[in-house]
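Working notes, beginning with the structure itself.
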Ligand SMILES: [Zn+2]
Ligand SMILES: [Zn+2]
């Protein structure tokens, strides 16, 4: 039986979100109907709603890609989930049998690029809606592919597992899974939103001895230190370039530099701040489509590595449940990063507050 769900609908880039009822289909082959309990507002949603993220975002559609919920109904052919399971919908599916899924080097999956029509199983006034990022979680109910759902333990709070659907995992995984920061390393983290603060926690878990937190907002210092930063740098107060400053205070640059802003200039500063010979500059922030990066290529010959990370390199069905276990073992703290809980009706105000840089993570609770 189709269900009626309240959802946020984006009709066109830049147009105000409509909060209204949509009709959700019965799950088809390999699909699962999920009641979303919590869904977070991510900076990527702002870019997507503005039409700045071309891939996997089409209008009209339901935005949102960071959520936690409960399985309500399973379609034919679903073998790994049953009614009542708690799940995290995830942007990178894990089909389990493509070349990507077989490789430990990536969390991407061939099913991200092929094999799905990117339409939600949702309809609004007779119009089929797209699912932003193949998910579309700003809806109380949604139909998702089984391969895009991580089954997780039931004692974890929904707002916190929602955060592990994107932002928290992007930061934690960048340090733990992608960079594999070694104990004793010096780490710099540029940009202290939820992702940067999660990178700091990941670096702390890995045993980094120095964690230099960088942000132009001095109000971020206290929380950064609570997450594990050992020092704080405000680029606005420097009389030199940020990269040069980090090279000076570390001797020759940081072993790992994480860029969590998604701007060309901060990626360049991050690369400049990276240690010669072995340093890794990890781009975590999402720069707008069409931007091009220029860096001095000889520095690559001298041993610097420039790489990027997508959702922290965490695989969906095999990786995310392990992070939920580590959350519940209190290895890291997401509660302190969830600064606002709102209703679906308050979503536009929540997005505007995020754009102004207020709070860390806002989560919609259904
Ligand atoms: Zn996100
Ligand atoms: Zn796959």
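Taking only segment 138-157 into account, find how many residues are within 14 Å of residue 30 (Cα to Cα) and outside any strand (DSSP E or B).
Summing the residues that are within 14 Å of residue 30 (Cα to Cα) and outside any strand (DSSP E or B) in segment 138-157 gives 3.
Looking only at segment 12-21, decide whether some residue is more than 16 Å from ligand 2 (Cβ to nearest atom), under 27 Å from residue 168 (Cβ atoms), in the same structural domain as residue 147 (by TED's automatic domain parsing) and surrounded by fewer than 18 Cβ atoms within 10 Å (Cβ to Cβ).
Yes, there is a match, as at least one residue in segment 12-21 is more than 16 Å from ligand 2 (Cβ to nearest atom), under 27 Å from residue 168 (Cβ atoms), in the same structural domain as residue 147 (by TED's automatic domain parsing) and surrounded by fewer than 18 Cβ atoms within 10 Å (Cβ to Cβ).
When the residues of segment 22-53 are narrowed to those that are within 16 Å of ligand 1 (Cβ to nearest atom) and in a loop (DSSP other than H, G, I, E, B), which ends up surrounded by the fewest Cβ atoms within 10 Å (Cβ to Cβ)? Steps first, please.
Start the filter on segment 22-53 by keeping residues that are within 16 Å of ligand 1 (Cβ to nearest atom), which leaves 36, 38-50, 52-53.
Going one step further and asking which of them are in a loop (DSSP other than H, G, I, E, B), we end up with 41-42, 50, 52-53.
Working: 41: 26, 42: 26, 50: 12, 52: 17, 53: 18.
This residue is 50.
Do you know which of the residues in segment 86-106 that are within 21 Å of residue 153 (Cα to Cα) and in a loop (DSSP other than H, G, I, E, B) is farthest from ligand 1 (Cβ to nearest atom)?
The residue in question is 96.
Starting from residues that are under 24 Å from residue 362 (Cα atoms) and in contact with a helix residue (DSSP H, G or I) (Cβ under 7 Å, 6 or more places away or on another chain), keep the ones in segment 63-85 and report whichever is farthest from ligand 1 (Cβ to nearest atom).
Filtering segment 63-85 for residues under 24 Å from residue 362 (Cα atoms) gives 63-71.
From what is left, the residues that are in contact with a helix residue (DSSP H, G or I) (Cβ under 7 Å, 6 or more places away or on another chain) are 63-68.
Values: 63: 11, 64: 9, 65: 6, 66: 5, 67: 11, 68: 14 Å.
Once the filter is applied, the top-ranked residue is 68.
If you go through segment 130-137 one residue at a time, do you hit one that is more than 16 Å from ligand 1 (Cβ to nearest atom), closer than 15 Å to residue 36 by Cβ and in contact with a helix residue (DSSP H, G or I) (Cβ under 7 Å, 6 or more places away or on another chain)?
no
So that you can scan it fast, the table gives a plain yes or no per residue for (1) within 24 Å of residue 257 (Cα to Cα); (2) assigned to a loop (DSSP other than H, G, I, E, B); (3) within 16 Å of ligand 2 (Cβ to nearest atom):
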{"position": "290", "(1), (2), (3)": "yes, yes, no"}
{"position": "295", "(1), (2), (3)": "yes, yes, no"}
{"position": "306", "(1), (2), (3)": "yes, no, no"}
{"position": "312", "(1), (2), (3)": "yes, no, no"}
{"position": "317", "(1), (2), (3)": "no, no, yes"}
{"position": "321", "(1), (2), (3)": "no, no, no"}
{"position": "325", "(1), (2), (3)": "no, no, no"}
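Tell me, yes or no, whether segment 340-361 has at least one residue that is assigned to a loop (DSSP other than H, G, I, E, B), in contact with a helix residue (DSSP H, G or I) (Cβ under 6 Å, 6 or more places away or on another chain), crowded, with 16+ Cβ neighbours inside 10 Å and not assigned by TED's automatic domain parsing to the domain that holds residue 91. Lay out the reasoning, then the answer.
Taking segment 340-361 as the starting set, the residues that turn out to be assigned to a loop (DSSP other than H, G, I, E, B) are 343, 356-360.
Pick out the ones that are also in contact with a helix residue (DSSP H, G or I) (Cβ under 6 Å, 6 or more places away or on another chain) and you get 360.
Retained after the next criterion (residues that are crowded, with 16+ Cβ neighbours inside 10 Å): 360.
With not assigned by TED's automatic domain parsing to the domain that holds residue 91 added as a condition, the list becomes none.
Checked against the condition, which is being assigned to a loop (DSSP other than H, G, I, E, B), in contact with a helix residue (DSSP H, G or I) (Cβ under 6 Å, 6 or more places away or on another chain), crowded, with 16+ Cβ neighbours inside 10 Å and not assigned by TED's automatic domain parsing to the domain that holds residue 91, segment 340-361 yields no hits at all.
Here is a yes/no grid of residues against (1) more than 16 Å from ligand 1 (Cβ to nearest atom); (2) part of a loop (DSSP other than H, G, I, E, B); (3) touching a helix residue (DSSP H, G or I) at 6+ places or on another chain (Cβ under 6 Å):
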{"position": "171", "(1), (2), (3)": "no, no, yes"}
{"position": "175", "(1), (2), (3)": "yes, no, yes"}
{"position": "183", "(1), (2), (3)": "yes, yes, no"}
{"position": "188", "(1), (2), (3)": "yes, no, yes"}
{"position": "197", "(1), (2), (3)": "no, no, yes"}
{"position": "200", "(1), (2), (3)": "yes, no, yes"}
{"position": "204", "(1), (2), (3)": "yes, no, no"}
{"position": "216", "(1), (2), (3)": "yes, yes, yes"}
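Would you call residue 90 away from ligand 2 (no atom under 16 Å from the Cβ) and crowded, with 19+ Cβ neighbours inside 10 Å?
No.
The values are calculated or read from the model by the stated rules, or taken from the named source; none is laboratory data. Given the structure is predicted, the values throughout are model-derived calculations rather than measurements. FYI the Cβ positions are ideal-geometry reconstructions off the backbone, even for glycines, and counts take in every protein chain you see.
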